[in-house]
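Single-structure report; data block below.
The numbers here are math on the coordinates, done by the rules we state, and not lab data. Please read all numbers here as calculations on a predicted model, not as lab measurements. Counting neighbours? That spans all protein chains shown, and the Cβs are built from the backbone with ideal geometry, glycine included.
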Amino acid sequence: MGKAGRDIPKLLVSLAAAACATPTAEPVDGRPIPEVPQEGPPADTRAHAEVTNRNWSDAVVYVVAGAERVRLGTVTSMRTHSFLLPPTVVGNGREFQLEADLVGSTESYTFPRLTANPGDLVDVTVHNYLPFSVFSVW
């Protein structure tokens, strides 16, 4: 193989690296190039609820705001699960409550009103004796 044949793999690697590189834009005529807006809300505009279920029964977790009740999901007994809170209850001093509804039981527990800001973590523990259940916002 000649010298040109040995340079082909190097050329291919260089082209692949250039194709994967992040393009940089240079201003034209001294004018700044406008930034392209990102699609969707930034990641830190959402809040999470981390629910630990210490109850013997599985618990269905709801978010209650005004007359609206939205199901977040189910947490199996003796497990922890993380849920995204709906954006309609996050920020701007909006108050909401979390509710744990025990599967196969008439018992449920509604936590006191709370607020969460974007990026917050609402840490919830559902205890076997429901009135001992607690929450904190980080």
Whole-Hz Karplus ³J(HN,Hα) for region 74-83, in order, using 6.51 cos²θ - 1.76 cosθ + 1.60 and θ = phi - 60°, x for Gly and Pro?
10, 10, 5, 3, 6, 10, 10, 9, 10, 10
Order of 105, 133 - criterion: other Cβ atoms within 10 Å of each residue's Cβ, fewest first
105, 133
Placing +1 at every Lys and Arg Cβ and -1 at every Asp and Glu Cβ, with all other atoms neutral, what dipole size does region 78-120 have around its Cα centre, in debye to the nearest 20?
120
Cβ-based exposure ranking for 99, 50, in which fewest neighbours within 10 Å come first:
50, 99
Kindly provide the chymotrypsin sites (Phe, Trp or Tyr not before Pro) of region 69-135 that DSSP labels as loop, not H, G, I, E or B, and whose Cβ sees at most 11 other Cβ atoms within 10 Å.
129
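Given an 8 Å cut-off on Cα distances and at least 6 residues of separation, report the relative contact order of region 89-138 as a percent.
That works out to 32 percent.
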Residue by residue through region 99-106, the couplings from Karplus 6.51 cos²θ - 1.76 cosθ + 1.60 with θ = phi - 60°, in Hz, x for Gly and Pro, are 10, 10, 10, 6, 6, x, 9, 8
